[in-house]
There are 2 protein chains.
Amino acid sequence: MNRAVDFFFDFMSPYSYLASTRVEAMAARAEATVRWRPAYLPGILKASGNIAPVSVLPKAAYIVRDVERWAKQLDLPPVKYPVVFPFNSALANRTALVVSQQGAPFVPYCRALFRALWIDGVDGGNADVLAQVLKDLDLDAGAVLLEANGEAARAALKENTDEAAARGAFGVPSFFVGDELFVGNDRLDFVEQALKALPG
Amino acid sequence: MNRAVDFFFDFMSPYSYLASTRVEAMAARAEATVRWRPAYLPGILKASGNIAPVSVLPKAAYIVRDVERWAKQLDLPPVKYPVVFPFNSALANRTALVVSQQGAPFVPYCRALFRALWIDGVDGGNADVLAQVLKDLDLDAGAVLLEANGEAARAALKENTDEAAARGAFGVPSFFVGDELFVGNDRLDFVEQALKALPG
């Protein structure tokens, strides 16, 4: 398949969670592949001159309601915000990159971690919590976390973050079909149209 | 009809323009009425602690593309940004309030002004331009503009702006169904669902 979409996300982002539940089904309809790209939202915000959605109080309150509505619309379980929010998502994002580099089941881990955070409401900044999600997938939690704290994993997360910003992202989730940027869970229809317009 | 939605908008907002083209059809499907409420976006941003979308450069560039996509999706003519952008929309918003208070055709004027701005790309900060749109609808441009520069019109715009912010808005377009806020042209489906859930 030549058709591909880059899906830049951060585990701390509820709209990234929503997108993660249906991006693969969308891509299947378009006969396209999804490149899951963990990135660090604060780095994208800084590079683009944007501010965090949660820093605007009425916006933060609205997002809680909007995400609830989307979960209902998509027939997902009720959303539970992570017990600490916002949390420092750097380690969580790096564990996903390490799992990917190790050839372990990357997308299932991303999905399991998103579910743990946004349905169970666990603390994504806590290494023990991440270890449990890894163990539940029979992954070597100790090895992944050790690697995730290393320089290579830090550099890999920075690389994804910098690439997203350099291509024009100013938040997450951000989707790229070639040079075309689409922002948000609510633009997956446009992403699907853009993919279908490509040669198959 | 007991079902009603408050539609807070500013003529300088492209997503308000997009919403203006279909909010009445949406309300008709839900057997509801639309209360068109011109408001002053900079006032809402200031009250909520939000920043202007165009102040984030990659976001401003993205919005241009996103609005183009929406116009195509909705079978609208190609969008042309107002020749001066952003422009000071205070007078434009106040003319609409005056037209409303005079019992003149308010919604047709709002739609005509949105089209002049976002299809023809006229300068919405220019009184002569506003006068032409008024004249094209056989309205008394001189009288409307005189009134629009008065204290009552200024107070009325501030009242709408303050009400939107007090109810939780942090930008435009903002829709309220009772206490429930919905933000953006891309949430009209949710607005329709909320209206239909009310007693008819």
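The values are calculated or read from the model by the stated rules, or taken from the named source; none is laboratory data. None of these values were measured; they are calculated from a predicted model. Neighbour counts run over all protein chains shown; Cβ positions are idealised from the backbone, glycine included. Surface areas here come from the heavy atoms of the whole protein model, side chains and all, with no ligands, DNA or RNA. Shrake-Rupley method; radii C 1.70, N 1.55, O 1.52, S 1.80 Å.
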Worksheet item: Being free of Cβ contacts under 8 Å to residues at least 60 places away in the same chain, in contact with an Asp or Glu (Cβ under 9 Å, 6 or more places away or on another chain) and surrounded by 18 or more Cβ atoms within 10 Å (Cβ to Cβ), is that true of even one residue in the range B:82-103?
Response: yes
Worksheet, complete the sentence: Scanning the range A:25-36 residue by residue, the ones that are open to solvent by 60 Å² or more (accessible area, probe 1.4 Å) and either under 22 Å from residue A:70 (Cα atoms) or in contact with a Cys (Cβ under 7 Å, 6 or more places away or on another chain) (or both) total 2
Discussion item. Is it the case, given these coordinates, that residue B:62 is part of a helix (DSSP H, G or I) and in contact with a strand residue (DSSP E or B) (Cβ under 7 Å, 6 or more places away or on another chain)?
Written reply: yes
Worksheet item: Looking at the range B:183-192, which of its residues are within 18 Å of residue B:38 (Cβ to Cβ) and within 8 Å of chain A (Cβ to nearest Cβ)?
Response: B:183
Worksheet entry | Checklist (1) away from chain A (no Cβ under 14 Å); (2) of a type in the set (Phe, Trp, Tyr); (3) open to solvent by less than 60 Å² (accessible area, probe 1.4 Å); (4) not in a helix (DSSP H, G or I) applied to residue B:8, failing item | (1)
Worksheet item: Among the residues of the range B:48-80, which ones are touching a residue at least 12 places away in the same chain (Cβ under 8 Å) and open to solvent by 60 Å² or more (accessible area, probe 1.4 Å)?
Response: B:78, B:80
Discussion item. Residues that are touching a strand residue (DSSP E or B) at 6+ places or on another chain (Cβ under 7 Å): list the helices (runs of 4 or more DSSP H) wholly contained in the range A:121-173 that include at least 2 such residues.
Written reply: A:151-166
Worksheet item: When the range A:162-182 is examined, which residues are found to be open to solvent by less than 10 Å² (accessible area, probe 1.4 Å), more than 8 Å from chain B (Cβ to nearest Cβ) and farther than 19 Å from residue A:21 by Cα?
Response: A:164
Discussion item. Give me the residue from the range B:40-60 that is of a type in the set (A, V, I, L, M, F, W, C) and at the interface with chain A (Cβ under 7 Å from one of its Cβ atoms) and, out of that set, nearest to the chain's Cα centre (by Cα).
Written reply: B:51
Discussion item. Just to be sure before I move on: is residue B:108 under 21 Å from residue B:24 (Cα atoms) and either surrounded by 21 or more Cβ atoms within 10 Å (Cβ to Cβ) or of a type in the set (S, T, N, Q) (or both) in the structure I sent?
Written reply: no
Fill in: Criterion: touching a residue at least 12 places away in the same chain (Cβ under 8 Å), more than 16 Å from residue B:41 (Cα to Cα) and under 19 Å from the mean Cα position of the chain (by Cα) - qualifying residue of B:183, B:172, B:144
B:144
Discussion item. Let me confirm something: among A:16, A:48, A:100, which residue is in contact with a strand residue (DSSP E or B) (Cβ under 6 Å, 6 or more places away or on another chain) and among the hydroxyl-bearing types (Ser, Thr, Tyr)?
Written reply: A:16
Worksheet item: Inside the range A:9-42, can you point out the residues that are more than 24 Å from residue A:112 (Cβ to Cβ) and out of contact with any Asp or Glu (no Cβ under 6 Å at 6 or more places or on another chain)?
Response: A:31
Worksheet item: Based on what the data block shows, is residue A:128 more than 14 Å from chain B (Cβ to nearest Cβ) and open to solvent by 10 Å² or more (accessible area, probe 1.4 Å)?
Response: yes
Discussion item. Can you report the number of residues in the range B:164-200 which are over 16 Å from residue A:64 (Cβ atoms), touching a Pro at 6+ places or on another chain (Cβ under 8 Å) and of a type outside the set (Gly, Ala, Ser)?
Written reply: 1
